[in-house]
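Below is one structure, written out as structure tokens, with a few remarks after it.
Since every read-out is calculated from the coordinates, none of them should be taken as a lab result. Values in this document were obtained by computation on a predicted structure and should not be read as measured data. Here Cβ is always computed from backbone atoms with ideal geometry, including for glycine, and neighbour counts include all displayed protein chains.
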Amino acid sequence: MIHTFKNIKDGFKNSDFFVRTRKRRTQNRSVYVIHEDSSTALTKLSRKKCILKVILLVPPLCGLWFIGQGSYIHTKAVLAQLLLETAWSETLDGQTEAKPWPWADTWPIARLSAHAYGTSHIVLAGASGSSLAFGPGHLFGSAKPGTKGNIIISGHRDTHFSFLEKLKKGDHIELQSKDKTSVYQVSNIQIIDKTKVDSIPVDSKNKLILITCYPFDAIQTGGPLRYMITAKFKHSFILS
């Protein structure tokens, strides 16, 4: 009896129905495992694609941001120059301390030109950081443009005074004041310590002294050295 039951059980296990059922279950389980692994793989792949897209998008977005910043700065500089030109015209017409914009703490007092290098900049009163951001600044305490004595003007090496690197002995520089234009000739070029700027003599030799930071290609600003150009007075002519 037992032997017969065992034979029946074994026969049932080996029957086509059992075999098909077992295969079907095995296949279903295999399909389920494969489906689960595929979902995980697809999820990881999608995540990698998203990360790659972000990585690829970051440089262009940063570039657009910098372009936007550069355009803003350029537009601001152009607008400032237009306002400075207007204020300078008002100064030539007789207005005193014609401010380029209502909140400005400076005003145009001269125009500095080096025609051989296609350079012309409006000189502002004072050499503070806010003034130098828009143009060369006249050092208070030195002779005023159009008067006798040493006139000292400073500017940033990477903007308005970048042309100083090209100047050489014998070059001519014009300084237009409210009443006349004075012509100077470069006579000396020096590299000095910034502590010596305050000790430059203010005498009656009628010299024009231009100062900027040095070296011109320095990465950091505000180094200890200054590039100084001295130009001797040659002649002047009255504006018509």
Violations at 19 Å Cα threshold for listed pairs Lys194/Lys232; Lys148/Lys196; Lys168/Lys207; Lys144/Lys194; Lys166/Lys205; Lys99/Lys194 -> Lys194/Lys232; Lys148/Lys196; Lys144/Lys194; Lys166/Lys205; Lys99/Lys194
In whole Hz, the Karplus estimates of ³J(HN,Hα) for segment 84-100 (6.51, -1.76, 1.60; θ = phi - 60°; x where Gly or Pro) are 5, 4, 5, 5, 5, 4, 5, 5, 5, 7, x, 6, 9, 6, 6, 6, x
Measuring from its Cα centre, segment 105-238 shows a charge dipole (+1 at each Lys and Arg Cβ, -1 at each Asp and Glu Cβ) which, in debye to the nearest 20, is 440 debye
The residues Val186, Val78, sorted from fewest to most surrounding Cβ atoms within 10 Å, come out as Val78, Val186
For 205-213, 140-148, ranked highest to lowest by mean beta-carbon neighbours within 10 Å, the order is 205-213, 140-148
